[in-house]
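Below you'll find the structure, written out as structure tokens, and then a few comments.
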2 protein chains.
Amino acid sequence: MTEKKSADENTIFVGNKPPMSYVLAVVTQFNGGSDTVQIKARGRAISRAVDTAEIVRNRFVQDAKVKDIKIDTEIITNEEGRNSNVSSIEITLSTK
Amino acid sequence: MTEKKSADENTIFVGNKPPMSYVLAVVTQFNGGSDTVQIKARGRAISRAVDTAEIVRNRFVQDAKVKDIKIDTEIITNEEGRNSNVSSIEITLSTK
């Protein structure tokens, strides 16, 4: 029960599903014994990642705090081989 | 030239215009002598606020660093008097 989990297991990638799908995934991580969960998103899903973190914190895991937020730019190569930049966010929630 | 500016003057609210409108506003603040600019947004504009910060930092004001990022939930009352929650973000860029 106290085994150490890898970073990937504790990372939730937010995409285009409704926010509650990701909220459930984050809450499940915390309930499974994780004390830190990372929420990641790119592009338009960034707003949904913030919604996810806020809903978890306000409604479901009230001792979870926003420990860190990082933003970055990733380079995406599309099918035609052209590069474009997309913003990304990484929100770390922690109950520690 | 070294007069102290109020927080509001240094705050750019990101809405639904193209990101470059807000990039220009932020760059103008820095060029006008501010060493700290806050970028704020709510709801779906949050992604655009992150884009704005990243474009400023990568292309226009390369000594600007992300000093702080805060997320929060605001309660909005609509015309029918019903409350709804909306996520918000506040990104602080600084050249100090």
Using the structure shown, decide if A:S21 is hydroxyl-bearing (S, T, Y) and within 9 Å of chain B (Cβ to nearest Cβ). no
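Yes/no matrix, rows are residues, columns are (1) more than 28 Å from B:R57 (Cβ to Cβ); (2) within 12 Å of chain B (Cβ to nearest Cβ); (3) in contact with a His (Cβ under 9 Å, 6 or more places away or on another chain):
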{"position": "A:T28", "(1), (2), (3)": "yes, no, no"}
{"position": "A:G33", "(1), (2), (3)": "yes, no, no"}
{"position": "A:R48", "(1), (2), (3)": "no, yes, no"}
{"position": "A:N58", "(1), (2), (3)": "yes, yes, no"}
{"position": "A:K70", "(1), (2), (3)": "no, yes, no"}
{"position": "A:L93", "(1), (2), (3)": "no, yes, no"}
Which of the residues that make up the range B:72-91 are farther than 23 Å from B:G32 by Cα, within 13 Å of another protein chain (Cβ to nearest Cβ) and among the acidic types (D, E)? B:D72, B:E74
When you look at B:A7, is it modelled with pLDDT under 95, among the small types (G, A, S) and surrounded by fewer than 23 Cβ atoms within 10 Å (Cβ to Cβ), yes or no? yes
Quick one: would you say A:T73 is touching a helix residue (DSSP H, G or I) at 6+ places or on another chain (Cβ under 9 Å) and β-branched (V, I, T)? yes
Would you confirm whether any residue within the range B:70-82 is at pLDDT 95 or above and surrounded by 21 or more Cβ atoms within 10 Å (Cβ to Cβ)? no
Would you mind telling me which numbered condition in (1) in contact (Cβ under 8 Å) with a residue 24 or more places away in the chain; (2) over 11 Å from the mean Cα position of the chain (by Cα) B:R42 fails? (2)
Which ones in the range A:16-54 are surrounded by fewer than 21 Cβ atoms within 10 Å (Cβ to Cβ) and out of contact with any Ser or Thr (no Cβ under 8 Å at 6 or more places or on another chain)? A:N16, A:K17, A:P18, A:M20, A:S21, A:L24, A:A25, A:V27, A:T28, A:N31, A:G32, A:S34
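The values are calculated or read from the model by the stated rules, or taken from the named source; none is laboratory data. Bear in mind that the values here come from a model prediction, so they are computed numbers and not experimental data. For neighbour counting, all protein chains shown are included, and Cβ atoms are generated from backbone atoms with ideal geometry for every residue, glycine included.
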